[in-house]
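Below is one structure, written out as structure tokens, with a few remarks after it.
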Amino acid sequence: MGKNTRWASFTSSQGFEIQFPVSTVEGDNSGPHLVITAGLHGCEYSGIAAAIELYKYLNPAKLKGKIDIVTVASVAAFYEKSPFVNPADKKNPNRTFPGREDGSYTEAQVYFLLNEIIDGCDFYLDLHCGDMIELIEPFAIYHTGAGEEIDTKSSELAFYYGLPSVIPTASDGVWPDRGTSYAAAAELGIPGAIVEAGGNGMIEQQAVDIHLQGLLNVLRLLGMIKGRPYAPDKSVLYKDFKWLYAPVQGIWHQELPLGSALEPGDNLGRIEDLFGTQLITLTSPVAGKLVFTTSAAAMTEGDIVLGIAMS
Ligand SMILES: [Zn+2]
């Protein structure tokens, strides 16, 4: 019973030293075991700040159950200010689950995170936001295909976080969620979701507050703190996720603002060469809502440009 912080340290058989800052709140009364991770992408600061604020806020005397909070799951990427990938092997940790103990740095990192910290808990939330060069219209995603009971509980976590858009994903969906934290947890039988608010390499207090409200509402839903959860009646359920990538390199000029409702064929923007000649226009292949965009204008071929919640 009480609160404590520690560094969970692991050495892989390949000699990689992996450390996670873990803040734990153990309630005076029994209840579920929730694991929260933030900073799996090391430059997603609003999620990290919310995880730290949640730990400071929680009172063990008023908590049922136990919460382990990994405040920065990719410490090396955090200190190197490395968006998307770990500096050691340039791998995206959120495409590398379930990882390998004897693999590269990131493979070992996510292996220890999944097997030593997440596995065995009852519920899992992974706090994200737009990366160093991304802007987000807040959304939650949850994995489907892990069985009806897990899928239903995952969708409840996603909905009760209270974000405007909720997107189910699958390993063979339009946006395959293979290799992600929440899909790996769901496949271990742990309901979970990724929740996204904030971005652009900044701590945005408004986004931190959105995360905190979502976290507290999920704690109410799980009966871990007092109070009735508010109903997630403002969240819209979408069908899948569609990401668009730059077909050529150049300068990206976005046409439509974040949050725009899209119809197939809508003009999203254009890529010009470095003399200002238009190379391509990007049009929406689907109907839906523009939920994230890359804020950096520089595009190389294959870079992520934007993401659409598909209606
Ligand atoms: Zn992320």
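The values are calculated or read from the model by the stated rules, or taken from the named source; none is laboratory data. All of these numbers come straight from a predicted model, not from anything done at the bench. Virtual Cβ from ideal backbone geometry, glycine too; neighbours counted across all protein chains shown. We work out accessible area using only protein heavy atoms, side chains counted, and drop any ligands, DNA or RNA first. Shrake-Rupley method; radii C 1.70, N 1.55, O 1.52, S 1.80 Å.
Just how large is the dipole of the stretch 240-310 about the Cα centre, in debye to the nearest 20, putting +1 at every Lys and Arg Cβ and -1 at every Asp and Glu Cβ?
It comes to approximately 140 debye.
Which angle between 0 and 90 degrees, to the nearest 10, do you get for helix 45-57 versus the longest principal axis of the chain when only C-alpha atoms count?
Helix 45-57 sits roughly 20 degrees off the main axis of the chain.
Given the peptides 137-147, 284-294, 12-22, 265-275, arrange them by the average over their residues of other C-beta atoms within 10 Å, most packed first.
Highest to lowest by the protection proxy: 137-147, 284-294, 12-22, 265-275.
Using a simple spin-label model with points 7 Å from Cα along the Cα→Cβ vector, what separation in nm is obtained for residue 8 and residue 202?
3.3
Calculate, for residue 263 and residue 152, the FRET efficiency according to 1/(1 + (r/R0)^6) with r their C-beta to C-beta distance and R0 25 Å; round to the nearest 0.05. Before the final figure, lay out the partial values.
On the way: r = 31 Å, r/R0 = 1.24.
That gives a FRET efficiency of 0.20.
For the stretch 2-237, what is the percent of antiparallel DSSP beta bridges, rounded to the nearest 5?
Values: 18 of 41 bridges.
Of all bridge pairs located within the stretch 2-237, approximately 45 percent are antiparallel.
Once amide H atoms are placed 1.01 Å from N in the peptide plane, what residues at a sequence separation of 5 or more from residue 298, or on another chain, have their amide H within under 5 Å of its amide H?
Distant-sequence amide H within range of residue 298: 252.
Note down the nm distance, to one decimal, between modelled labels 7 Å out along Cα→Cβ at residue 303 and at residue 56.
3.5
Quantify, in whole percent, the carbon and sulfur part of the accessible surface of the chain (1.4 Å probe; protein heavy atoms only).
Roughly 51 percent, rounded to a whole number.
Mind checking the per residue accessible area of the stretch 170-311 for me, 1.4 Å probe, whole number of Å²?
Roughly 46 Å² per residue, with all protein chains present.
What FRET efficiency, computed as 1/(1 + (r/R0)^6) with R0 = 35 Å and r the Cβ-Cβ distance, is obtained for residue 239 and residue 1, rounded to the nearest 0.05? Each step should come with its number before you reach the end.
On the way: r = 44 Å, r/R0 = 1.26.
After rounding to 0.05, the efficiency reads 0.20.
Report the accessible area of residue 41, computed with a 1.4 Å probe over the heavy atoms of all protein chains in place, in Å² rounded to the nearest 10.
Surface accessible to solvent at residue 41 totals approximately 20 Å².
From Cα pairs below 8 angstrom and at least 6 apart in sequence, can you work out the relative contact order of the chain, rounded to a whole percent?
Worked out over the chain, it gives 16 percent.
Quick one: what are the phi-derived ³J(HN,Hα) couplings along the stretch 166-183, Karplus 6.51/-1.76/1.60 with θ = phi - 60°, whole Hz, x for glycine and proline?
With the stated coefficients, the stretch 166-183 comes to 10, 10, x, 10, 9, 5, 10, x, 4, 10, x, 9, 4, x, 8, 4, 6, 5 Hz.
Starting from the Cα of residue 62, draw a straight line to each of the lysines and keep only those under 29 Å, dropping any in the same chain fewer than 8 residues away.
Correct list for residue 62: 3, 153, 226, 234.
To the nearest 10 degrees, how steep is helix 205-221 against the longest Cα principal axis of the chain, on a 0 to 90 scale?
The answer is roughly 50 degrees.
Highest GNM mean-square fluctuation, the chain, Cα pairs closer than 10 Å: which of 194, 48, 280?
In this elastic network of the chain, the residue with the biggest mean-square fluctuation among 194, 48, 280 is 280.
Amide H to amide H, which residues 5 or more places from residue 279 or on other chains are under 5 Å from it, using H placed in the peptide plane?
Amide H neighbours of residue 279, under 5 Å, 5+ apart: 271, 272, 273.
With the chain treated as a Gaussian network of Cα nodes joined by springs under 10 Å, which of 154, 46, 260 yields the largest mean-square fluctuation?
Of 154, 46, 260, the most mobile in the Gaussian network model is 260.
Quick check on the stretch 1-102: of the DSSP beta bridges with both residues there, what percent are antiparallel, nearest 5%?
Beta bridges within the stretch 1-102, antiparallel portion: roughly 70 percent.
Among rounded, prolate and oblate, which fits the stretch 1-73 when a ≥ b ≥ c are the square roots of the eigenvalues of its C-alpha gyration tensor, a/c under 1.5 means rounded, and a/b larger than b/c means prolate? Could you put the intermediate results ahead of the total?
Values: a/c = 2.74, a/b = 1.55, b/c = 1.76.
Verdict is oblate for the stretch 1-73.
Could you tell me which of rounded, prolate or oblate describes the stretch 116-234, using a ≥ b ≥ c as the square roots of the eigenvalues of the alpha-carbon gyration tensor, with rounded for a/c under 1.5 and, failing that, prolate when a/b is larger than b/c and oblate otherwise? If you can, show how the numbers build up before the last one.
Working: a/c = 1.61, a/b = 1.11, b/c = 1.44.
Taking the square roots of the gyration eigenvalues as a ≥ b ≥ c, the stretch 116-234 is oblate.
Return the calculated 222 nm mean residue ellipticity for the chain, to the nearest 500 deg cm²/dmol, obtained by summing -39500 (n - 2.57) across DSSP H runs with n ≥ 4 and dividing by the residue count. Could the numbers behind the result be given before it?
Numbers: 6 runs with 64 residues, N = 311.
For the chain, the value works out to -6000 deg cm²/dmol.
Rounded, prolate or oblate, given the Cα gyration tensor of the stretch 2-237, with a/c below 1.5 counting as rounded? Walk me through the numbers on the way to the answer.
Working: a/c = 1.34, a/b = 1.22, b/c = 1.10.
Rounded.
So how much slack lies between residue 287 and residue 248, counting 0.36 nm per residue of separation and subtracting their Cα-Cα distance, in nm?
Working: separation 39, 0.36 × 39 = 14.04 nm, distance 2.36 nm.
Length gained between residue 287 and residue 248: 11.7 nm.
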